[in-house]
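Down below is the structure, laid out as structure tokens.
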Amino acid sequence: MSAAVELKHISKKFGEFYANKHVSLTVERGSIHAIVGENGAGKSTLMKILYGMYLPDEGEIFIDGQRAILRSPADAIRLGVGMVHQHFMLVPTLSVLENVILGSEPVHNFRLDIATARQTLRSLSSQFGLFVEPDALVSSLSVGEEQRVEILKLLYRNARILILDEPTAVLTPLEVQQLFSTLKALAAKGNTILVITHKLDEVLSFSDYVSVMRQGELVKTLPTTETDKHTLARLMVGKDVLFSLSKSATATNDTVLNVHALTYIDAKGVRRLDQLSFSIAAGEIYGIAGVEGNGQSELLKTLWGMIDEGARVSGEISLLGISLLNKTPREIAQLGVSHVPEDRLRYAVVPSYTIAENLVFGRHHEPSFSARFGFRLDALHAFCHEMIQKFDVRSAKGISPSERIENLSGGNQQKVVSARELSRPNLKLLILAQPTRGVDIGAIEFIHQRILDVRSQGVAILLISAELEEIIMLSDRIGCLYKGNIRYEFSYEETLRLRESVMEFERKIGEYIT
């Protein structure tokens, strides 16, 4: 096959920091080419250069054999290059059709030709299996449907080279499979797909080639059939990575969190939680497995004191005998509860604030940071530098506590949130929702070990994750959530026994959550 994209000796510096250093990459036409590497390895910077968002300091770009000067995304789109960003760029109040044509509206006889646009959209949807209702508001769509809209936007603009940044980070397992089918259909029709990801199992299952980046440099490019998960992980991190965790039995009979007959009816009258009951002991990780949308969000909102306006909640939630209902997030935190939320941009970080400010966000009143008339600046600075180093927070522009967190990749933002929440003093209950979403394999290993360290201190941990492997590896007991209730609970003994075969365990869990 001939090359759709050639990057030759691409370099990009931010100040004195090399985000990309002499990177040369060839992408074959009609292939699915994965780009992997740790957070901050330079993957997104390289793809943003190909999409015209950054100008390289050195090097050349060739598209379909022709040298290209890409000064903006508009230049890239004209040459058939499109990009789906990790955080979607859709207008929630507009329909699917309106979002697809926005900026490329078809005109006939000086009038907006909606009929032609609708016909084109339906044709593309049918051709590539990207079925979305054209008149549905984007605000009403699932995350998987929003992603289809983003891909349709590119196809509508005749993109032949599609770049996807962490496309499966927020998808359910079923949506992931649907996406893979779509990507293979696109490649079969001659489109070229570049996928930035950190999920090595997925890379091995859907891509034709994989390129590994580390510290801004391209380490190696391999046909996917000629490599494996351990080799890729070693190339990414520079050392062997463990894919299993050593866990000791630490759980006691001392119940820390008790949820009994919890029912949540939203403002529209829809029952999101239905008599939900479970408990977590000190030193125990209780995992909740389930397809997103089965009550996980409502459980998290209730536990953290952020119940939606107009919702009705009944039942009991108690922490060491103290009710958590009708308490504010700050009151709950003061009882010894820490929370890594499922949507970091909405609930966990303030994008325009600095890394340092986000590291103490919600913790600034703690005695170790708070002085009588302000803050203990020395303690704040020492804590921030320690967390940045300990959790290996990185940026394409180098790293500084005074840098805005919006300049960090999603994975590095997640590291900041994890650093803040896992290091809280006097913890009794740790609530984790998608704790490693968008995080690279080396950082996942670190965060998982830190979670087990917290467990060993006698903290009760609630783990909610769309990653079944994560649930299986970390949990002592697993509750299968379906339509707002625990459909089946795997005991400690069952979990220990079934963990020997992760794929078989995933299949068994799947029987109860779908």
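The values are calculated or read from the model by the stated rules, or taken from the named source; none is laboratory data. Values in this document were obtained by computation on a predicted structure and should not be read as measured data. Cβ placement follows ideal geometry from the backbone for every residue including glycine, while neighbour counts extend to all protein chains displayed. With ligands, DNA and RNA removed, areas are computed over all heavy atoms of the protein, side chains included. Shrake-Rupley method; radii C 1.70, N 1.55, O 1.52, S 1.80 Å.
Taking the range 372-461, which trypsin sites (Lys or Arg not before Pro) meet the DSSP loop condition and have no more than 10 other C-beta atoms within 10 Å?
On the way: sites: Arg372, Arg376, Lys390, Arg394, Lys397, Arg404, Lys415, Arg420, Lys428, Arg437, Arg450, Arg455; in loops: Arg372, Arg376, Arg394, Lys397, Lys428, Arg437.
Hits after loop and neighbour filter: Arg372.
Report the local net charge at Asp113: Lys and Arg +1, Asp and Glu -1, summed over other residues whose C-beta lies under 15 Å from its C-beta.
Values: positive: Arg111, Arg118, Arg122; negative: Glu98, Glu105.
Taking every other residue near Asp113 into account, the sum is +1.
What are the residues whose amide H is under 5 Å from the amide H of Arg477, where those residues sit 5 or more places off or on another chain and H is modelled from the backbone?
The list, which skips near neighbours in sequence, is Ile285, Gly287.
Shape verdict for the range 431-492, please, from the Cα gyration tensor: rounded (a/c under 1.5), prolate (a/b greater than b/c) or oblate.
Details: a/c = 2.20, a/b = 1.40, b/c = 1.57.
Taking the square roots of the gyration eigenvalues as a ≥ b ≥ c, the range 431-492 is oblate.
Work out the FRET efficiency for Ala382 and Ser123 from their Cβ-Cβ distance, taking R0 = 35 Å, and round it to the nearest 0.05.
On the way: r = 60 Å, r/R0 = 1.71.
In this case the efficiency is close to 0.05.
Please report, to one decimal in angstroms, the Kirkwood hydrodynamic radius of the range 55-142 built from all distinct Cα-Cα pairs. Walk me through the numbers before you get to the answer.
Values: mean 1/r = 0.0644 Å⁻¹.
Evaluated on the range 55-142, it is 15.5 Å.
Quote the FRET efficiency, to the nearest 0.05, computed for Arg372 versus Arg67 with a Förster distance R0 of 60 Å and r equal to the Cβ-Cβ distance. Don't skip to the end; give the middle numbers.
Numbers: r = 64 Å, r/R0 = 1.06.
Working from the Cβ atoms, E equals 0.40.
How about the range 217-319: which trypsin sites (Lys or Arg not before Pro) there are in a DSSP loop, with at most 16 other Cβ atoms within 10 Å of their Cβ? Don't skip to the answer; put the middle values down first.
Numbers: sites: Lys220, Lys229, Arg234, Lys239, Lys247, Lys268, Arg271, Arg272, Lys301, Arg312; in loops: Lys239, Lys247, Lys268.
Here the sparse-neighbourhood loop sites are Lys239, Lys247, Lys268.
Given the pairs Lys21/Lys239; Lys184/Lys229; Lys48/Lys229, which are separated by over 23 angstrom at their Cα positions?
Violating the 23 Å Cα-Cα cut-off are Lys48/Lys229.
Treat each spin label as a single point 7 Å out from the Cα along the C-beta direction, and report the Gln457 to Phe131 distance in nm.
So the label points at Gln457 and Phe131 sit 4.9 nm apart.
Please report the net charge: other residues with Cβ closer than 14 Å to the Cβ of Ser491, K and R +1, D and E -1. Provide the component values of the computation, followed by the final result.
Numbers: positive: Arg477, Arg497, Arg499, Lys508; negative: Glu284, Asp476, Glu489, Glu493, Glu494.
Summing Lys and Arg as +1 and Asp and Glu as -1 gives -1.
Compute the signed sum of charges (Lys and Arg +1, Asp and Glu -1) over the other residues within less than 9 Å, Cβ to Cβ, of Ile478.
Spelling it out: positives minus negatives among the neighbours equals -2.
On average, how much accessible surface per residue is there in the chain, in Å², for a 1.4 Å probe, leaving out ligands, DNA and RNA?
On the way: 22720 Å² over 514 residues.
About 44 Å² of surface per residue is accessible.
Using only Cα atoms and rounding to the nearest 10 degrees, what angle (0 to 90) does helix 173-188 make with the longest principal axis of the chain?
Roughly 10 degrees, rounded to the nearest 10.
If I compute solvent accessible area with a 1.4 Å probe over the protein chains, what percent of it on the chain is carbon and sulfur?
Values: 11350 of 22720 Å².
Accessible surface attributable to carbon and sulfur in the chain totals 50 percent.
Under the rule a/c < 1.5 gives rounded, and otherwise a/b versus b/c splits prolate from oblate, where does the range 135-228 land using the Cα gyration tensor? Before the final figure, lay out the partial values.
On the way: a/c = 1.94, a/b = 1.66, b/c = 1.17.
Taking the square roots of the gyration eigenvalues as a ≥ b ≥ c, the range 135-228 is prolate.
Residue separation times 0.36 nm, minus the C-alpha to C-alpha distance between Leu174 and Met53: what's the value?
Working: separation 121, 0.36 × 121 = 43.56 nm, distance 3.20 nm.
Full extension of this stretch gives 40.4 nm more.
Please determine, in degrees from 0 to 90 and to the nearest 10, the orientation of helix 441-456 with respect to the longest principal axis defined by the Cα atoms of the chain, where the helix direction is its Cα long axis.
It is inclined by approximately 0 degrees.
In degrees between 0 and 90, to the nearest 10, how far off the longest principal axis of the chain does helix 377-390 point, with axes built from Cα atoms?
Its long axis makes an angle of about 60 degrees.
Counting only helical runs of four or more DSSP H residues, what would the 222 nm mean residue ellipticity of the chain come to if each run contributes -39,500 (n - 2.57) and the total is spread over all its residues? Spell out each step's value before the answer.
Details: 18 runs with 173 residues, N = 514.
Using -39500 (n - 2.57) per qualifying helix, the result is -9500 deg cm²/dmol.
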